[in-house]
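All remarks here apply to the structure that follows.
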Amino acid sequence: MTGDGTTASLLVIGGTSDIGRAAALAYAQTGRRIMLAARDAETARRNADDIAARTGVPVSLHALDLLDTDRFEAFVDDLPMLPDTVLCVVGELGEQRRAESDIGHAQRIMRVNFEGPALILGIFAERFVARGTGTLIGVGSVAGDRGRASNYVYGAAKAGFSAFLSGLRNRLSASGVRVITVKPGFVRTRMTEGMKLPPVLTAEPEEVGHAILEAERGGSDVVYVRRVWRGVMTVIRMIPEPLFKRLKL
Amino acid sequence: MTALSGWGRWPRHESELVVPRNARRLTELQTSARGIVARGNGRAYGDAAVGERITLSTQGLDRFRSFDPETGRLTVEAGVLLSDVIDVFLPQGFFPPVVPGTKFVTIGGMIAADVHGKNHHRSGAFGDHVERLSLALPDGRVVECGRGHEPGLFAATFGGMGLTGTILDATFRLMPVETGWLRRRVIVADDLEDAMDALAGAAGATYSVAWIDCLAKGEALGRSLVQAADHAGEHELGERERAAGLFPAAPRGRLAVPFELPTGVINRASVAAFNELYFRKGAADAETPRLVPWDPFFFPLDGIGHWNRIYGRRGFLQHQCVVPTRTARAALADILERISARGRPSFLAVLKQFGPGRRSLSFPLEGFTLALDLPVDEGVDALLAEIDTVVARAGGRLYLAKDSRQSRDTFEAGYPDLPAFRELRRAIDPDGRIASRLSGRLGL
Ligand SMILES: Cc1cc2nc3c(=O)[nH]c(=O)nc-3n(C[C@H](O)[C@H](O)[C@H](O)COP(=O)(O)OP(=O)(O)OC[C@H]3O[C@@H](n4cnc5c(N)ncnc54)[C@H](O)[C@@H]3O)c2cc1C
Ligand SMILES: NC(=O)c1ccc[n+]([C@@H]2O[C@H](COP(=O)([O-])OP(=O)(O)OC[C@H]3O[C@@H](n4cnc5c(N)ncnc54)[C@H](OP(=O)(O)O)[C@@H]3O)[C@@H](O)[C@H]2O)c1
């Protein structure tokens, strides 16, 4: 419940993502009303029905393509209400090799992982400041913690998003608006389908969903899922550049 | 290509496993392929869920669609697990109308095998509770089936083992329960006669089942523990139960069999020990009704992950037959004698009573069903062939979800509706797109 007695709401941007689905369900189980924004209406509808049937909470659907930046203001205006929490899980891994020579592909990775998420959360930030409350949650990636040969286009976009969220948090720390950065390591989802992932470092989408809910309930600013990733990335960041550049990572 | 098998881990066949993310993709894959069959959670023991060439996993169809708390009516996609349904709805006071001996099965798999529970004598099979379903046919059409729509296809899909098409979603009703506890009574039966009488006598109970001590011989042949149980009301719970919860959660990951034990570990001695222990423990609290939590009552083996590994590299066989009431006594005595005489103990032997069955390839028919687990070794084929002959002569049949070896003769003798089923298959699938190892083996 919010202060005025209405049911608190969560908007998930990326309502078809496996992590987004799990997070929405975790929130719905606490009684939150859910809004799912997505570009693939059919999958979003399945996820919405699933959450509603399991929990009995109302779930609404809202069309949005994060490349369509011109529509962002109208999208926010058209929502049935200004949500209490906005979670952006949109992302695309892309293909690093292709992005090296195909500038269109590289641009798309940058736009989907940085430009779109940052701009849309930026709009909500202004509305939240005006209202005086709200929580913004962005899903980045450990790949943004240090650029590596195997995925630096994606990593750079995630790093940009991470820096944006950090700055926003810094700016809004005295207001009633919270900003949370979530950095998954490996997660077993559609994005990593068919990849061989190390079990100890790999989370299920449900784990990430609960970690997001817990981050909002607790006071965290930046959370790694699984937690071991914080240590792993600290070590990776500490490797001196002259050595790092020669490693195959 | 991967080597796929059923839960019995034998036989293994090469088949390409594909995992579509939604119904549209699944339908496309099914229509563009040949030698394909659906696979749920792979809990059928034999070769039913292994495609001749391609195996179509329903794992991606894991969404709930709608639920009406007024009526208990639930619609889910076919790949939803029964364990998921129970996790979500038991705390809301609902339980599935029929459950098999493991909760790790999909709703699609439960329909395709028309599974039965310990309440068949009262509630029928799972299919009796399914109100409608949508079915992806091999020609690419998706049809809505129910009593008023496509009744022929609808009926043939229960027990049809995936061969009438792939179920995409289904609607059935959950039943209201006050608690997650059962009031259970254990009756000690001194021999087979006694066990069958006890089962018949317990017909008033919602659930009943007999665990047979397969090593007992002579006078004691068929010595059993018969359990009879009903859902407990809230007022029946004592302090202990309330402390554990009105709807106690299923314990998670208690134990797991970590690797394959060498074949032979399940020898006479270990099975004797198991049976003896079970018998004594049951006898100790016999007759006094006790409250037991739902999970170990319905799904005693689910607490042990990968327990099928105890049967070793060579795999094991599950054999389940049903014989009509009028021939049951003689036929079951004959079967148990053959097993105990050979000193080939079965790890588990479970006896249940069935009420009237339905048509087509659905397994249950009015009578008694005996389920045996046997490790594969030399001689097992001969023993089972003898048992099959006894079953066929008694007018009984074998359960396809547990079969990997019956002869076509046994099969054809057991299922009189087979010609009609074959005809329906020819009509909906003239090019023979849908084909499993089971359908190839039995000429379905
Ligand atoms: C420990 C244990 C206890 C059991 N106890 C019982 C019991 O008490 N009573 C009982 O009846 N059975 C019992 N079984 C058998 C089990 O319930 C059935 O084999 C059931 O079909 C398994 O479901 P599944 O989702 O794993 O299906 P799978 O094993 O993957 O497939 C079984 C059959 O269903 C078909 N199928 C699966 N999904 C679909 C779909 N969406 N559309 C069309 N066809 C489909 C497959 O093609 C295959 O023919 C038990 C099994 C185990 C391992
Ligand atoms: N899986 C991992 O190992 C992992 C690790 C670290 C970080 N992450 C991050 O976690 C987040 C969620 O990913 P996931 O693992 O759940 O994978 P996913 O299921 O593939 O989710 C990606 C989501 O982004 C959406 N999307 C992509 N482009 C879009 C656009 N232009 N407009 C609107 N939506 C768009 C996709 O929508 P469609 O369904 O329409 O394609 C999908 O919902 C991503 O930001 C990802 O980078 C994942």
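Each value in this text was obtained by applying a stated rule to the coordinates, not by laboratory testing. Because the structure is predicted, anything quoted here is derived from the model rather than measured. Using ideal geometry, Cβ is built from the backbone for each residue, glycine included, and neighbour counts are taken over all protein chains shown.
Region A:1-78 and region B:6-60 have Cα centres spaced 33 Å apart. In the protein assembly as shown, the inverse of the mean reciprocal separation of distinct Cα atoms equals 27.8 Å; this is its Kirkwood hydrodynamic radius.
In terms of packing, defined here as the mean over residues of other Cβ atoms within 10 angstrom, the peptides B:176-186, B:132-142 line up highest first as B:176-186, B:132-142. Taking Lys and Arg as +1 and Asp and Glu as -1, the other residues whose beta-carbon sits under 9 Å from that of residue B:64 total -2. Pairs of Cα atoms nearer than 8 Å and 6+ residues apart set the relative contact order; for chain B it is 19 percent. Shielding value for A:46-54 is 6, the average number of Cβ atoms from other chains within 10 Å of each residue's Cβ. Using all pairs of distinct alpha-carbon atoms, the Kirkwood hydrodynamic radius of chain B works out to 22.2 angstrom. For chain A, dividing the convex hull volume of the Cα atoms by the residue count gives 134 Å³ per residue.
Between helix A:41-55 and chain A there is an angle of about 60 degrees, using the helix long axis and the longest principal axis of the Cα atoms.
Taking other Cβ atoms within 10 Å as a rough exposure proxy, B:299, B:316 sort from fewest to most as B:299, B:316. The trypsin sites (Lys or Arg not before Pro) found in region A:51-134 include none that occupy coil by DSSP while having at most 10 further C-beta atoms within 10 Å. Judged by the ratio a/c of the largest to the smallest principal axis of the C-alpha gyration tensor, region B:311-444 counts as oblate, that ratio being 1.5 or greater while a/b is no larger than b/c. Among the GluC sites (Glu not before Pro) within region A:103-203, those in coil by DSSP and having at most 12 neighbouring Cβ atoms inside 10 Å are A:193.
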